[in-house]
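The values are calculated or read from the model by the stated rules, or taken from the named source; none is laboratory data. In this text, all values refer to a predicted model and were calculated from it rather than measured experimentally. All Cβ positions, even for glycine, are placed from backbone atoms using ideal geometry, and neighbour counts span all protein chains on display.
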Amino acid sequence: MNNVTKDIFYVGVNDHKIDLFEGQYEVPNGMAYNSYVIVDEKVAVMDSVDINFLDEWIKNIKEVLGNRKPDYLVVQHMEPDHSANIMEFLRVFPDATVVGNAQTFKMMYQFFHKEVEHKLEVSNGQVLDLGKHKLNFVFAPMVHWPEVMMTYDATDKVLFSADGFGKFGALDVDEDWACEARRYYFGIVGKYGMQVQNVLRKAATLDIQTICPLHGPILKENLGYYLHLYDVWSSYGVEAEGVFIAYTSVYGHTKEAVLLLKEELEKAGCKKVAIADLARDSMSEAVEDAFKYGKVVLATTTYNLEIFPFMSDFITRLVEHAWQNKTVGIIENGTWAPQVEKIIKAKLANAKNITFVEPVVKIVSALDENSKAQVIALAKELAK
Ligand code: FEO
């Protein structure tokens, strides 16, 4: 049996069959859908799991409870990776009361087209008394859905943080936390930095010794490290010094300029230069790196009087996720009607606090002495 504390048990599952999380994110190491049981005078189950794991989840709950039955199912988040089995749970445990807020129950009806028989609608700050454990509901709207609430148990000093502090990857695979947590954060929560900042402010008033997220490992040690990263990410700060170059290249000429820029940056003393080929490398990792570094170079070609599709998609994703506070360099390649600089600047017009670096590198079909000199000048500017 998997204990979180003496009274709190892990009953979640690992998913190694999933192809794309949320229909778009590759998860080479699978995914975990976490659920917890709090055993007290009353028993509460915290969230359900993905639709494909009903039997395993119910088995895990029964293993913890033996002959006892859950009194409550707390629904912190209605996205189906955590809510799909609510009605199945109620078929197994028909006397359980579902706990959520007004928005939770509205969404529940939208998904299942029926009302639950026993429900407890809670407000922000309301406390549910299980006996020794009192569950305090902390609403976290738009982290990353409107109905999201977190739950704080002051007895064991545990914060059930919903999707907050989650990551990609199943729990039976050992991998670095920050890399897959960052990719998860910026892909899924990134747009809502202000709302995450609000939650962090609330969390700072609580004595938290354990964070139980809905994905990824339970966090017990070094909580300051995770809270600090969440603070940097949600305030759109610079996490790492260095330059990130995102590029597309049709016949290799733009790539040649990118490799020259990397070489010149390193010559100029830049310790870290990260590169992504947007057509071939992971788009979500490229988005993650664009948030991680403060300086970003976008290198692409004019294409159908637009920019190359992968770059267009990339910038759309950045803007949608509230990308901001960046120094941006541009490498433009065009053969007869170059448009890259104009289009990139227009696409980023609504992104906050973007500073463009001069010079913009202007390649006409292939690098020449002129454009090479511009690459070298850009490297010097970025390395300052
Ligand atoms: Fe893990 Fe937003 O669902």
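Suppose we filter segment 154-177 for residues that are part of a loop (DSSP other than H, G, I, E, B) and touching a helix residue (DSSP H, G or I) at 6+ places or on another chain (Cβ under 7 Å); how many remain?
The qualifying residues number 6.
Can you say whether His144 is assigned by TED's automatic domain parsing to the domain that holds Ala203, within 16 Å of the ligand (Cβ to nearest atom) and either closer than 17 Å to Ser48 by Cβ or assigned to a strand (DSSP E or B) (or both), as far as the supplied structure shows? No: the conditions fail for His144. Residues in segment 147-158 that are more than 16 Å from the ligand (Cβ to nearest atom) and surrounded by 24 or more Cβ atoms within 10 Å (Cβ to Cβ): Asp153, Val158.
If only residues of segment 308-352 that are surrounded by fewer than 23 Cβ atoms within 10 Å (Cβ to Cβ) and small (Gly, Ala, Ser) are counted, the one that is farthest from Gly237 (Cα to Cα) is Ala337. Would you please list the contacts, defined by Cβ atoms under 9 Å and residues six or more apart or on different chains, that run from a residue in segment 353-379 that is assigned by TED's automatic domain parsing to the domain that holds Ala322 to a residue that is surrounded by fewer than 16 Cβ atoms within 10 Å (Cβ to Cβ) and in a strand (DSSP E or B)? Close Cβ pairs satisfying both conditions: Asn370/Val364; Ser371/Val364. For the criterion of being surrounded by fewer than 20 Cβ atoms within 10 Å (Cβ to Cβ) and at pLDDT 95 or above, Ile188 fails.
Every listed requirement among (1) surrounded by 17 or more Cβ atoms within 10 Å (Cβ to Cβ); (2) out of contact with any Asp or Glu (no Cβ under 7 Å at 6 or more places or on another chain); (3) part of a helix (DSSP H, G or I) is met by His82 save one, (2). For the residues Leu214, Leu305, Leu265, the requirement of being assigned by TED's automatic domain parsing to the domain that holds Asn325 and buried (at least 19 other Cβ atoms within 10 Å of the Cβ) singles out Leu265. Scan segment 91-122 for residues that are more than 17 Å from Pro141 (Cβ to Cβ) and in contact with a His (Cβ under 9 Å, 6 or more places away or on another chain) and jot them down. Passing the criteria: Pro94, Asp95, Ala96, Thr97, Val98.
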